[in-house]
1. Determine which member of the set Gly127, Gly109 is in contact with an Asp or Glu (Cβ under 9 Å, 6 or more places away or on another chain) and not β-branched (Val, Ile, Thr).
2. Restricting to the range 174-187, name every residue that is surrounded by fewer than 16 Cβ atoms within 10 Å (Cβ to Cβ) and either part of a helix (DSSP H, G or I) or not small (Gly, Ala, Ser) (or both).
3. If I ask for residues that are farther than 17 Å from Val82 by Cα, of a type in the set (A, V, I, L, M, F, W, C) and more than 13 Å from the chain's Cα centre (by Cα), which ones from the range 168-206 would you list?
4. For the range 24-43, what are the residues that are of a type in the set (A, V, I, L, M, F, W, C) and either surrounded by fewer than 18 Cβ atoms within 10 Å (Cβ to Cβ) or touching an Asp or Glu at 6+ places or on another chain (Cβ under 7 Å) (or both)?
5. Under 9 Å between Cβ atoms, which residue pairs at least 6 apart in sequence (or on different chains) link something in the range 44-63 that is loosely packed, with under 13 Cβ neighbours inside 10 Å with a partner that is assigned to a loop (DSSP other than H, G, I, E, B) and not charged (D, E, K, R)?
6. Where residues in the range 208-225 are among the acidic types (Asp, Glu) and surrounded by 22 or more Cβ atoms within 10 Å (Cβ to Cβ), which of them is farthest from Asn78 (Cα to Cα)?
7. Within the range 22-38, can one find any residue that is of a type in the set (D, E, K, R) and within 19 Å of Ala223 (Cβ to Cβ)?
8. Do we have any residue at all in the range 129-142 that's touching a residue at least 12 places away in the same chain (Cβ under 8 Å), part of a strand (DSSP E or B), surrounded by 24 or more Cβ atoms within 10 Å (Cβ to Cβ) and among the small types (Gly, Ala, Ser)?
Amino acid sequence: MVTIKTKEDIAILREGGKRHARIMDKLLQKVVVGANTKDLDDYARELIAHEGGKPAFLNFKPDGAKRPYPATICISLNDEVVHGIPNELPRILKEGDLASVDFGFVYQGLFTDMAVTVPVGKVDEEGQKLVNATREALAVGIKVAKGGKAVNDIGAAIERYVARFGYGIVEELVGHGVGYGVHEDPYVPNFDMGGKSEKLQPGMVIAIEPMLNEGDKRVTLDADGYTYRTADGLRSAHFEHTILITKSDAEVLTKI
């Protein structure tokens, strides 16, 4: 069921979003050559506690999962699309890696969600193009997310933008409502679903998160039950913001 947040909820989500963005900004400064993914996870947990919140992903068990998620953040490298586990098999970041950092934040009982993909050190031109296009795809989706529009307008706009690059748009994984929980209705795909879809209403809070692959759209799930990666082994990028739907332009709650 789609929920409309109250004025009191929105005030908390605004503050939580600011703190979430602050944490992400500090965390990304540590995403450098030689960094250990477990150390980054530990650092994120410290930052979240310092900001007076709780990690939303740690011990969260999504529908269909066989076990709770075991870390504070997700770090997905190169051909990993989302939900890479940073602390079970720690890895050292290398020059040229593409690193997606994704985590949820709980502040005064309300949830925000955010993801950023960054190059580690210097990355090749094609990798940088993928990152730039995915970041812009998120901006395109946010731009059309206004009260009175439909959820499908977001995906259709993203798909139109991405078509010029030839990247694969992941379909199995989508954006979602957020606020009272990690995942809420509605689902927010990054492609044109066709037909009617949920109307966007002022007071809705959603997470838009395009995931673009250098190759085709297909993904596979690792044996760990969480890490999705591209089926063809090519790289992927992922960006996400939590936004508030208004009568006019959406308000980005997690803006850095």
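1. On the way: Gly109 fails: in contact with an Asp or Glu (Cβ under 9 Å, 6 or more places away or on another chain).
Within the list Gly127, Gly109, the selection yields Gly127.
2. Looking only at the range 174-187, we keep the residues that are surrounded by fewer than 16 Cβ atoms within 10 Å (Cβ to Cβ), and these are 180-181, 185.
Within the range 174-187, Tyr180, Asp185 meet the criteria.
3. The answer is Phe191, Met193, Leu200, Met204, Val205.
4. Keep residues of the range 24-43 that are of a type in the set (A, V, I, L, M, F, W, C), which gives 24, 27-28, 31-33, 35, 40.
Those that are of a type in the set (A, V, I, L, M, F, W, C) and either surrounded by fewer than 18 Cβ atoms within 10 Å (Cβ to Cβ) or touching an Asp or Glu at 6+ places or on another chain (Cβ under 7 Å) (or both): Leu28, Val32, Val33.
5. Correct list of pairs: Gly52/Gln108; Asn59/Pro68; Asn59/Tyr69; Asn59/Pro70; Lys61/Pro68; Lys61/Tyr69; Asp63/His183.
6. Of the range 208-225, the ones among the acidic types (Asp, Glu) are 209, 214, 216, 222, 224.
If we keep only those that are surrounded by 22 or more Cβ atoms within 10 Å (Cβ to Cβ) too, we end up with 209, 214.
Values: Glu209: 17, Glu214: 10 Å.
So the residue we want is Glu209.
7. The answer is no, given that none of the residues of the range 22-38 is of a type in the set (D, E, K, R) and within 19 Å of Ala223 (Cβ to Cβ).
8. Residues of the range 129-142 that are touching a residue at least 12 places away in the same chain (Cβ under 8 Å), as a first pass: 129-131, 133-138, 140-142.
Then drop every residue that is not part of a strand (DSSP E or B), which leaves none.
No, the range 129-142 contains no residue that is touching a residue at least 12 places away in the same chain (Cβ under 8 Å), part of a strand (DSSP E or B), surrounded by 24 or more Cβ atoms within 10 Å (Cβ to Cβ) and among the small types (Gly, Ala, Ser).
Rule-based calculations on the coordinates, nothing more; no lab input. Computed from a predicted structure; not experimentally measured. Note: ideal-geometry Cβ built from the backbone for every residue, glycine included; neighbour counts use all protein chains shown.
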